[in-house]
Amino acid sequence: DARVTQTPRDKVTEMGQEVTMRCQPILGHNTVFWYRQTMMQGLELLAYFRNRAPLDDSGMPKDRFSAEMPDATLATLKIQPSEPRDSAVYFCASGLGHLNTEAFFGQGTRLTVV
Amino acid sequence: AQSVTQLDSQVPVFEEAPVELRCNYSSSVSVYLFWYVQYPNQGLQLLLKYLSGSTLVKGINGFEAEFNKSQTSFHLRKPSVHISDTAEYFCAVYASGGSYIPTFGRGTSLIVHP
């Protein structure tokens, strides 16, 4: 059963610390998304990769957030330094890159910055 | 650019009652429409999708949705809900010829009471 795997599932960290979230997309998928979900803002797109190249990161605060795909099996989202307002659930999703196919979501990483 | 409006942020309903979750979209081109469900502490998963053809689409767990082009709507329905249907429901749209980035609505929280 192919699925998107995210680690860690939960992360509690102190303000100012670096946080790295990891995502293993479904094998064969060529698009990867990072979303942030909060009660106030709902689902926000942070970054979008196609064939490992970043195509859209306009939703991501550039001063502290960075997203990369070192290889086809790993996507990372890093926050440095973290702030309490970054507390949210972060989702990774992958897809086949066609408009008539859905995105497959991971279980999410719940980040709490204290 | 396309947009999605989910008209109700919360829909309470009693078990075995029918339910309709509303979704309206705007786009200047033809669209592909999706409904996702998010159970507590989980990622989003696909319920159903409309690509073309019959405007009535059937999905998992007894849900169905009807595409209405003239009203630019894609409402989700279930004739008899169960406690286990309590979840967040998201409508999403891809625009034909657009980028492979879905536009999500803010979500509707379906709360099923015994």
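The values are calculated or read from the model by the stated rules, or taken from the named source; none is laboratory data. Since the structure is predicted, the reported quantities are computational estimates derived from the model, not experimental observations. When we count neighbours, we look across all protein chains shown, and the Cβ atoms used for this are built from the backbone with ideal geometry, even at glycine. Note: accessible area is taken over every heavy atom of the protein model, side chains too, but ligands, DNA and RNA are not part of it. Shrake-Rupley method; radii C 1.70, N 1.55, O 1.52, S 1.80 Å.
Can you say whether B:K78 is among the basic types (K, R), at pLDDT 95 or above and buried (at least 18 other Cβ atoms within 10 Å of the Cβ), as far as the supplied structure shows?
yes
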Evaluation of A:T20 against (1) of a type in the set (V, I, T); (2) assigned to a strand (DSSP E or B); (3) within 14 Å of chain B (Cβ to nearest Cβ) (one fails), failing number: (3)
Some residue of the range B:48-58 being over 20 Å from A:Y35 (Cβ atoms), of a type in the set (K, R), part of a loop (DSSP other than H, G, I, E, B) and open to solvent by 50 Å² or more (accessible area, probe 1.4 Å): no
Checklist (1) out of contact with any Ser or Thr (no Cβ under 9 Å at 6 or more places or on another chain); (2) part of a strand (DSSP E or B); (3) surrounded by fewer than 20 Cβ atoms within 10 Å (Cβ to Cβ) applied to A:L55, failing item: (1)
Output for the range A:15-52, where each listed residue is open to solvent by less than 40 Å² (accessible area, probe 1.4 Å) and within 13 Å of A:L74 (Cα to Cα): A:T20, A:M21, A:C23, A:P25, A:I26, A:H29, A:T31, A:V32, A:F33, A:W34, A:F49
Hits in the range A:33-42 - residues which are within 11 Å of chain B (Cβ to nearest Cβ), of a type in the set (A, V, I, L, M, F, W, C) and in contact (Cβ under 8 Å) with a residue 24 or more places away in the chain: A:F33
Criterion (touching a residue at least 12 places away in the same chain (Cβ under 8 Å) and over 17 Å from B:D8 (Cβ atoms)) met by exactly one of B:F74, B:F67, B:F90, B:F63: B:F67
Unmet requirement for B:S109, which otherwise passes all of (1) closer than 26 Å to A:Q37 by Cα; (2) among the small types (G, A, S); (3) at the interface with chain A (Cβ under 10 Å from one of its Cβ atoms): (3)
Some residue of the range B:99-106 being β-branched (V, I, T) and without any contact (Cβ under 8 Å) to a residue 60 or more places away in the chain: yes
Failed criterion for B:Q42 (all others in (1) at the interface with chain A (Cβ under 10 Å from one of its Cβ atoms); (2) within 23 Å of A:L55 (Cβ to Cβ); (3) at pLDDT below 95; (4) surrounded by 13 or more Cβ atoms within 10 Å (Cβ to Cβ) hold): (2)
Residues of the range B:59-103 satisfying the condition of being away from chain A (no Cβ under 11 Å), closer than 15 Å to A:E102 by Cα and part of a loop (DSSP other than H, G, I, E, B): B:G59
Selected residue (only one of B:V4, B:V37 is modelled with pLDDT of 95 or more, in a strand (DSSP E or B), among the β-branched types (V, I, T) and closer than 30 Å to A:A88 by Cβ): B:V37
Looking only at the range B:7-34, and only at residues there that are in a strand (DSSP E or B) and farther than 20 Å from B:E66 by Cβ, the one that is least open to solvent (accessible area, probe 1.4 Å): B:P12
Sole exception among (1) open to solvent by 30 Å² or more (accessible area, probe 1.4 Å); (2) under 17 Å from A:G42 (Cβ atoms) for B:K69, by number: (2)
